[in-house]
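What follows is a short report on a single structure.
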Amino acid sequence: MKFTITITTDEDGMYIAECPSIPGCVSQGATEQEVERNIRDAIKECLEVRAEKRMPLTVTTRQIEVLGSCRQSPF
């Protein structure tokens with residue numbers, strides 16, 4: 001299965017990865033490569049737990065278009 005993940009950095013420079021289609025599925029790592037390995041493991045474990053608890057494995061995610069001015073602060 002393929003999953004979309006997001007990767008951001010926190011205030012300490014750690015990489016944080018989330019899988020939006022699996023609520024609560026989050027991991028971290030010191031590098032992008034490490035966080036990708038870690039989120040793969042987290043996704044597998046989250047799917048196993050959700051299956052054991054007879055929960056839906058994923059939730060629906062969509063992309064939507066938002067029109068308007070999205071300004072980013074220069075700071």
Any hit, region 49-60, residues being surrounded by 11 or more Cβ atoms within 10 Å (Cβ to Cβ) and in contact with a strand residue (DSSP E or B) (Cβ under 9 Å, 6 or more places away or on another chain): no
Which listed residue is surrounded by 11 or more Cβ atoms within 10 Å (Cβ to Cβ) and either among the charged types (D, E, K, R) or free of Cβ contacts under 8 Å to residues at least 60 places away in the same chain (or both), from Ile22, Ile64: Ile22
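Restricting the search to region 41-53, which residues are within 15 Å of Glu18 (Cα to Cα) and either acidic (Asp, Glu) or touching a Phe, Trp or Tyr at 6+ places or on another chain (Cβ under 9 Å) (or both)?
Selection gives Asp41, Ile43, Glu45.
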Region 19-49, residues that are hydrophobic (A, V, I, L, M, F, W, C), closer than 20 Å to Arg62 by Cβ and part of a loop (DSSP other than H, G, I, E, B): Cys19, Ile22, Cys25
Count of region 25-48 residues which are closer than 23 Å to Glu11 by Cβ and either exposed (fewer than 11 other Cβ atoms within 10 Å of the Cβ) or out of contact with any Ser or Thr (no Cβ under 8 Å at 6 or more places or on another chain) (or both): 12
Top-ranked residue in region 25-61 [being free of Cβ contacts under 8 Å to residues at least 12 places away in the same chain and aliphatic (A, V, I, L, M); ranked as nearest to Ile7 (Cα to Cα)]: Val49
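Bear in mind that the values in this text are calculations on the coordinates, not laboratory data. As the structure is a computational prediction, the values presented were derived from the model and not from experiment. FYI the Cβ positions are ideal-geometry reconstructions off the backbone, even for glycines, and counts take in every protein chain you see.
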